[in-house]
Amino acid sequence: MTGTATPAPRLIDIDGLPALFEALRGRGYTVVGPTVRDGAIVVAELASAAELPFGWGVETEAGRYRLRERSDTAAFGHSAGPQSWKTVLHPARAKLWSADRVTGSAGTSIVETGAAEPPRYALLGVRPCDVRAIGILDQVLTGGRHADPVYRGRRDGAFVIAVECTEPGATCFCTSMGGGPGADSGFDLALTELTDGGDHRFVVRTGTAAGAGVLADVPSRAADEATVRHAATAVAEAAGHMGRTMPTQGLPRLLADSRESPHWDDVASRCLTCGNCTMVCPTCFCTTTEDVTDLTGDHAERWRVWDSCFALDFSYLHGGSVRTSGQSRYRQWITHKLGTWHDQFGSSGCVGCGRCIAWCPAGIDITQEVSTLASMLEQAAADEDKP
Amino acid sequence: MDMPTLAVWKFASCDGCQLTLLDCEDELLAIAGRVKIARFTEASSEILPGPYDVSLVEGSITTADDAERIRRVREMSRTLVTIGACASAGGVQALRNFADVEEFTSVVYARPDYISTLATSTPIAAHVDVDFELHGCPIDRRQLLEVITALLVGRKPNIPAHSVCFECKQRGNVCVVAAHGTPCLGPVTHAGCGALCPAHHRGCYGCFGPMETPNAAAQVGLLRATGMAEADIVRAFRTFNAGAPAFIELSQVARPHERRSE
């Protein structure tokens, strides 16, 4: 994405969404965005704008997620669902290569088949927290010397339409993690949805030339200053409505100092080590490889599959697993996410989307665990200072 | 080189797991092309003499005769793989382990004195060394193929022991616990079915037995939070894998005689 001088914001009416879909499809994109399925707002391929979750909101709490009907027709009036854009850009299963043993006149040879041409997705409705999460995945999966080919292919072909947040959920804490409900970079187009006065419309800002090209194909008009200000105010006010707060002061240090905290026993008593938190996390990127052969032994495939630091096999070395206890596995996850991620990738691994809180079947709350670790360390320090 | 030989054995079971081998319809000819099926009485009355390279053992040990027979099976099998919840965890018939089997037989049979049975139903591994346990009630067809394929080329089968939740998320299922408050055993259950029930909006029934590190207290807390009565929680863990030690522990964490207060 190349930056250009920022054009003035435009307005798209709700009736303009089909044209947006057409413009994207005309450029070869498959549109992926939010839609209602099985009692949740999931990320899925969308055939038309009609599949967006108009009039649906969500209520989240620790270990709980419920759809609720909204009083308006907003399509993006919901906080994070069970999936993130990781499911699209860093899919749960990806074939890395396949090989066939072919016996001919020249003897036996191995014929390798590489990965297929990457699909091109338009990601519609990416929340600012998730825009940041994609930025983190970019750093992790393409920022080093060996870029991940599956991610790179999908990422390079992706068109990102951010939708700013005006109604954070009860499990949201993006502002604590240095983000916020507004999007300022990392998108091709950024929308702010407005439904007041029964006038359903979007303020649109372009982030890239590609974004400007798509917008040119969608009926739009210049956004008046009052509407732009109104949208900006709604986004700014959302920053004050986060349902959770993460105490981030000295977080990497806190986790390093909490290595032997008795609190890990408490978390482990509640933790199912089921791996849900890592699967729903928009930045948890770990994978394992599976080598598959067929019955003849002449055909082999290598697949890459999501893995989790909560699985025993994740830390399996010769002779056994390194992290066998629930204590050590939860500690590993949270310490990497909030602490050593800084050393490894130059930022926190958490964007404050709250998915790990809502989708933990045991309702374990990462912000609460950090608060407890912090107060326990403070208490220990205070006890030490006593004469 | 001679083809490796395969034998299928039945102990106390319903035959559903060994029939999974016949359910491999598309791959069955390929299997028969790579393996000599030497003993499989559900498919053929022809029985070739052992020893066998691979034995698939279905069913649990419930009689003194079977306790002897499994030793002979072990002796004539190079690799012994148990298939299903009965062979790996005692099956639903392990419910007798928590009750009085004589009382059962007196109620069920017209002539209980004809019945010669042990007081318990126990998994194969309680009697002989087992090389690999394939879980499920019944087992999953793809997993059976994976085990046979892996044995043929001498690699480790890709049979993860983590929770069903992994499969739900990989498949894109919406969590029935978080989104609907439906009781679900997925977090403590061994993956392998591909998260079949949650994909159809039902909680996991635990057919595949305990995952690698089940947390009994946390799982019982989860089920209580969905409003399940204590007696129902006990029953949830006393089904096909009732004899699995982790599920015994889970059933004991709940208090069976307490009724829901509401």
Scattering curve values for the stretch A:318-387, log₁₀ I(q)/I(0), Debye with Cα scatterers, q = 0.12, 0.13, 0.23 Å⁻¹: -0.46, -0.54, -1.12
Using θ = phi - 60° and Karplus 6.51 cos²θ - 1.76 cosθ + 1.60, couplings along the stretch A:65-70 (whole Hz; Gly, Pro as x): 8, 9, 6, 9, 6, 8
Need one number for chain A: average projected area of the convex hull over its C-alpha atoms, nm². 24.8 nm²
For the stretch B:164-253, what is the relative contact order in percent, using Cα pairs closer than 8 Å and at least 6 residues apart in sequence? 26 percent
When DSSP beta bridges are limited to those with both residues in the stretch B:5-153, what percentage is antiparallel, rounded to the nearest 5? 15 percent
The stretch A:195-348, convex hull of Cα, quarter of hull surface, nm² -> 17.7 nm²
Relative exposure of B:Glu25, A:Glu301, judged by other C-beta atoms within 10 Å (fewest first): B:Glu25, A:Glu301
What FRET efficiency, computed as 1/(1 + (r/R0)^6) with R0 = 30 Å and r the Cβ-Cβ distance, is obtained for A:Thr288 and B:Leu95, rounded to the nearest 0.05? 0.25
Let me know the mean shielding of A:61-68 by other chains, meaning the per-residue number of their Cβ atoms within 10 Å of its Cβ. 3
For the stretch B:68-73, Karplus couplings with θ = phi - 60° (6.51, -1.76, 1.60), whole Hz, Gly/Pro x: 7, 4, 5, 5, 5, 4
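Which of the GluC sites (Glu not before Pro) found in the stretch A:120-229 are loop residues per DSSP with 10 or fewer other Cβ atoms within 10 Å of their Cβ?
none
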For each of B:Lys169, A:Lys95, count neighbouring Cβ atoms within 10 Å of the residue's Cβ, then give the residues from fewest to most. A:Lys95, B:Lys169
Cross-link table A:Lys95/B:Lys169; A:Lys86/A:Lys337; B:Lys10/B:Lys169, entries beyond 25 Å C-alpha to C-alpha: B:Lys10/B:Lys169
Computed over the stretch A:174-282, the ratio Rg/Rh where both radii use C-alpha atoms and Rh is Kirkwood: 1.14
Among A:Ser176, A:Ala216, A:Thr6 the positive-end extreme of the charge dipole of the protein assembly as shown (Cβ point charges): A:Thr6
Residue mean of other protein chain beta carbons inside 10 Å, B:152-165: 5
How far is it, in nm, from the label point at B:Arg71 to the one at A:Arg229 when both lie 7 Å from their Cα along the line to the Cβ? 9.2 nm
Ranked from fewest to most other Cβ atoms within 10 Å of their own Cβ, B:Leu223, A:Leu67 fall in the order A:Leu67, B:Leu223
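Can you give the Rg to Rh ratio of the stretch B:117-215, both from alpha-carbon atoms, with Rh computed by the Kirkwood formula?
A ratio of 1.03.
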R0 = 41 Å: FRET efficiency of A:Thr30 with A:Arg145, Cβ-based, nearest 0.05? 0.85
When the helix-only estimate is applied to chain A (DSSP H runs of n ≥ 4, each -39,500 (n - 2.57), divided by the residue count), what is the mean residue ellipticity at 222 nm, nearest 500 deg cm²/dmol? -8500 deg cm²/dmol
For the stretch A:136-172, which trypsin sites (Lys or Arg not before Pro) pass both filters: DSSP loop (anything but H, G, I, E, B) and at most 14 other C-beta atoms within 10 Å? A:Arg145
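Relative contact order for chain B using alpha-carbon pairs under 8 Å, separation at least 6, rounded to a whole percent?
Details: 517 pairs, mean separation 43.9, N = 262.
That works out to 17 percent.
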Given contacts defined as C-alpha pairs under 8 Å and at least six residues apart, what's the relative contact order of chain A, whole-number percent? 22 percent
Give me the one-decimal nm value for the distance between modelled label points at A:Thr73 and A:Ser328, 7 Å along each residue's Cα-to-Cβ direction. 5.7 nm
What ³J(HN,Hα) values, in whole Hz, does the Karplus curve 6.51 cos²θ - 1.76 cosθ + 1.60 give for the stretch B:35-44 when θ = phi - 60°, with x put for Gly and Pro? 10, 8, 7, 8, 7, 7, 6, 6, 10, 8
R0 = 30 Å: FRET efficiency of B:Tyr109 with B:Glu42, Cβ-based, nearest 0.05? 0.70
Tell me, what does the Kirkwood hydrodynamic radius of chain B come to in angstroms if you use every pair of distinct C-alpha atoms? 19.5 Å
Extension gain, A:Ala380 back to A:Glu59 (0.36 nm per residue minus Cα-Cα distance, nm): 111.9 nm
Cα-based radius of gyration of the stretch B:164-253 once divided by 2.2 N^0.38 Å, which approximates compact folds: 0.97
Restricting to DSSP H runs of at least four residues, report the calculated mean residue ellipticity at 222 nm for chain B, -39500 (n - 2.57) per run over all residues, nearest 500 deg cm²/dmol. -10500 deg cm²/dmol
Count, for each residue of B:176-183, the Cβ atoms from other chains sitting within 10 Å of its Cβ, then give me the mean as a whole number. 6
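Based on Cα coordinates alone, diagonalise the gyration tensor for the stretch B:5-153, multiply each eigenvalue by 5, take square roots, and list the semi-axes in whole Å, largest first.
That gives 29, 15, 14 Å for the three semi-axes.
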Can you tell which of B:Ile83, A:Leu191, B:Val164 lies farthest toward the positive end of the dipole of the protein assembly as shown, using +1 and -1 charges on the Cβ of basic and acidic side chains (Lys, Arg; Asp, Glu)? A:Leu191
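Every read-out reported here was derived from the displayed coordinates using simple, explicitly stated rules and does not represent laboratory data. Just so we're clear, the structure is a prediction, and the values are computed from it rather than from any experiment. Note that we place each Cβ from the backbone using ideal geometry, even for glycine, and neighbour counts take in every protein chain shown.
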